[in-house]
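The numbers here are math on the coordinates, done by the rules we state, and not lab data. On a predicted model such as this, the values are computed, not experimentally measured, just so you know. A quick note on method: Cβ atoms are made from the backbone with ideal geometry, for glycine too, and the neighbour counts reach across all protein chains shown.
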Amino acid sequence: MYELVKIKDKVRVPPAQFGKNLTEALLTLTQQQYEGLLDEDLGVIVAITQAVKSGEGKVVLGDGAAYYETELEMVVYKPRMQEVIEGVVSETTEFGAFVRIGPIDGLVHVSQIMDEFINYDSKNTCFVGKDSGRKLKKEDAVTARIVTISLKGAIADSKLGLTMRQPFLGKKEWNTGAPIEKKPMVAKKEKMEKQKPDNRPAEKK
């Protein structure tokens with residue numbers, strides 16, 4: 001979920017920023033430094049909305065820059081276990097579908113896409129339900145639930161596991177409330193019986 005959090009940090013203001021509006025300089029510098037980063041405790045830092053100094057600046061010998069204790073207000077995205085999210089399919093592969101959830105992607109494994117047997121159509125890069133004919137492809141809007149979380153030092157190294165095999169999840173048009181009707185096997189059996197050669201001996205007249 002998205003949260004608005006506040007933290008304190010020491011921000012380096014280089015000499016090139018001296019003489020400019022300090023509040024604007026702190027905001028610009030922290031936006032460049034923090035936005036897009038992933039912190040294991042905070043989550044993904046989406047935006048720095050405010051940066052206000054909370055003390056006098058200090059100059060470090062041999063550096064030339066000024067360091068300010070600064071209070072930062074930021075919007076972060078922190079995934080939660082069992083959280084229901086909305087996203088868009090960004091990619092499909094044989095092993096599952098990647099869903100873009102704001103600043104990060106989650107993976108719906110092929111076993112967690114539908115509550116039925118599905119095939120992967122490599123030509124059209126989509127999944128197709130064997131009994132219902134339901135399809136899942138790139139750019140589809142879906143609802144899913146977060147079931148595993150592994151946040152590491154960078155977004156590329158972090159992983160979210162999702163499921164859509166629960167009531168009211170998946171694509172909106174899937175949630176009609178009607179159970180999936182499995183295709184009858186009788187017709188197939190009868191067809192096979194008709195195709196069998198008749199090896200019975202002919203009746204004597």
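Key figures
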quantity	calculated
Mean Cα-pair separation over length for region 1-121, i.e. relative contact order, pairs under 8 Å, 6 or more apart, %	25 percent
Of Val108, Val59, Val75, the one that fluctuates the most in a GNM where the chain has Cα springs shorter than 10 Å	Val59
Under Karplus coefficients 6.51, -1.76 and 1.60, residue-wise ³J(HN,Hα) of region 27-40 in Hz, glycine/proline x	5, 4, 5, 6, 4, 5, 7, 9, 4, x, 7, 10, 10, 4
Violating pairs (Cα-Cα greater than 31 angstrom) within the set Lys130/Lys159; Lys6/Lys135; Lys123/Lys152; Lys123/Lys171; Lys58/Lys78	Lys6/Lys135; Lys123/Lys152; Lys58/Lys78
Value in Å of the Kirkwood radius, where region 2-77 supplies the Cα pairs that are averaged	12.8 Å
Helix-only [θ]222 nm of the chain, DSSP H runs n ≥ 4, -39500 (n - 2.57) each, per residue, nearest 500	-3500 deg cm²/dmol
Choice from Asp41, Asp63, Asp140 with maximal GNM fluctuation in the chain (Cα, 10 Å cutoff)	Asp63
Chain lengthening between Thr93 and Lys10 when straightened (0.36 nm per residue, less Cα-Cα)	25.5 nm
Projected-area average for region 66-136 over all orientations - Cα convex hull basis, square nanometres	7.8 nm²
Trypsin sites (Lys or Arg not before Pro) restricted to region 1-46 and DSSP loop, no more than 12 other C-beta within 10 Å	Lys20
Region 84-174: equivalent-ellipsoid semi-axes (sqrt of 5 x gyration tensor eigenvalues, Cα, Å)	22, 14, 11
For region 5-12, Karplus couplings with θ = phi - 60° (6.51, -1.76, 1.60), whole Hz, Gly/Pro x	10, 10, 9, 10, 8, 9, 10, 8
Inter-label distance for Thr49 and Glu24, nm, one decimal - labels placed 7 Å from Cα along Cα-to-Cβ	2.2 nm
Those GluC sites (Glu not before Pro) in region 49-78 that DSSP places in a loop and that have at most 14 other beta carbons within 10 Å	Glu56
Fraction of antiparallel bridges per DSSP, the chain only, in percent to nearest 5	95 percent
Whichever aspartates and glutamates have a C-alpha closer than 13 Å to that of Lys137, once near sequence neighbours (fewer than 8 apart) are set aside	Glu91, Glu94, Asp121
Cα pair distances exceeding 21 angstrom across the chain, given as percent	66 percent
